[in-house]
Amino acid sequence: MPEIRKSADLRNNYGEVSQFCHQYKEPIFITKNGVGDLAVMSIDAYNELSGRIDLYKKLIDGINQINNGETVSEEEMMKKLNKYSGE
């Protein structure tokens with residue numbers, strides 16, 4: 001169940017909000033006048049989430065390349081990889 005708090009909690013209980021975000025690695029949803037306004041999360045949780053999004057984008061790009069016939073043989077790929085690794 002998501003943690004939902006009023007905007008006043010962010011102002012008045014910042015330490016508690018911060019501790020929750022770090023401890024549970026989940027965002028807290030902040031409301032303003034009873035309506036959702038912000039999602040607050042730790043930097044670590046944000047970095048993990050944005051890294052996951054970047055990975056999903058790369059996977060989609062790879063799937064699109066396969067679907068468009070933009071592939072190389074295993075031998076060609078090994079040559080490219082060896083070139084980058086200095087072999």
**Message:** Need pairs with beta-carbon distance below 6 Å; first residue within 24 Å of residue 48 (Cβ to Cβ) and within region 8-33, second hydroxyl-bearing (Ser, Thr, Tyr); sequence gap 6+ or separate chains.
**Reply:** 21/42; 22/42; 30/7
**Message:** Restricting to region 30-87, give me the number of residues that are part of a strand (DSSP E or B) and among the aliphatic types (A, V, I, L, M).
**Reply:** 5
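Readers should treat all values here as calculations from the given coordinates under stated rules, not as data from a laboratory. What you see is a predicted model, and the numbers here were worked out from it, not measured in a lab. In this analysis, Cβ positions are derived from the backbone assuming ideal geometry, glycine residues included, and neighbour counts consider all displayed protein chains.
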